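Quick notes on the structure that follows.
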Amino acid sequence: MKSGLLAAVAAAGLLLAGPASAQGVKIGILNDQSGVYADYGGKYSVEAAKMAVEDFGGSVLGQKIEVVSADHQNKPDLATAIARRWYEVEGVDMITELTTSSVALAIHDLSKQMKKIDIVVGAATSRLTGDACQPYGFHWAYDTHALAVGTGGALVAGRFEIQSLPAITRRRGIDQVLGNDFLVARRHFDDHHRVAVCVAEVHQPYLAIRLIEIEHARVRGSLVAVL
């Protein structure tokens, strides 16, 4: 599937980009290669993209497909600077992966301005197809709405009788945009379905969740949702 997706993207990039693709089609993999999401995608995603291009034959519409990559370090300003250079100077036709929701939103907006394609596969904010939706951007992944409805839906289907539901999210730290969006989606689902009363929200940086708090809640008989 990945090779087909990349091929379709490469073809669309070639048709839309014009002179920038005169010597081929260039795809940029912009992701976290040195931080908390490095194992989620990182350099492995770059290698996977290169393998997909090779599987497809290395070209589309007679044009060679080239893959370039960079580490955005989970910083929207750095990601934007890299993407702008890629678009304006290095002839990159499309940028993908875009781990971290804040980064994805920043590049989503830049791609709209530059009329370039971006495909987000590494971030989950539902804003990408909501208020930040634009005709050059695609979200090829789950989102915070799906996660909230999936979790809440499973609780409803299982007919859990929940009196209290502490929520622990990544609202602080690297990906607070994701945490914020998830809380909005979860609160909407809770209000609509009357699944639970959220008695506490603990906002922890990524990988810094205090497991002792979860254990204490479990001992008290509460079902804890780690979001």
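The values are calculated or read from the model by the stated rules, or taken from the named source; none is laboratory data. Small disclaimer: the values here were computed from a predicted structure and weren't measured. As a convention, Cβ positions derive from the backbone with ideal geometry for all residues, glycine included, and neighbour counts pool all protein chains shown.
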Residues to consider are V121, V67, V92; find the one that is under 15 Å from I29 (Cβ atoms) and under 15 Å from the mean Cα position of the chain (by Cα). V121
Name the one entry in L78, L61, L110 that is surrounded by fewer than 23 Cβ atoms within 10 Å (Cβ to Cβ) and at pLDDT below 95. L61
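So if I check each of A104, A123, which one is in the same structural domain as G28 (by TED's automatic domain parsing), modelled with pLDDT of 95 or more, on the phi < 0 side of the Ramachandran plot and in contact with a Ser or Thr (Cβ under 9 Å, 6 or more places away or on another chain)?
A104
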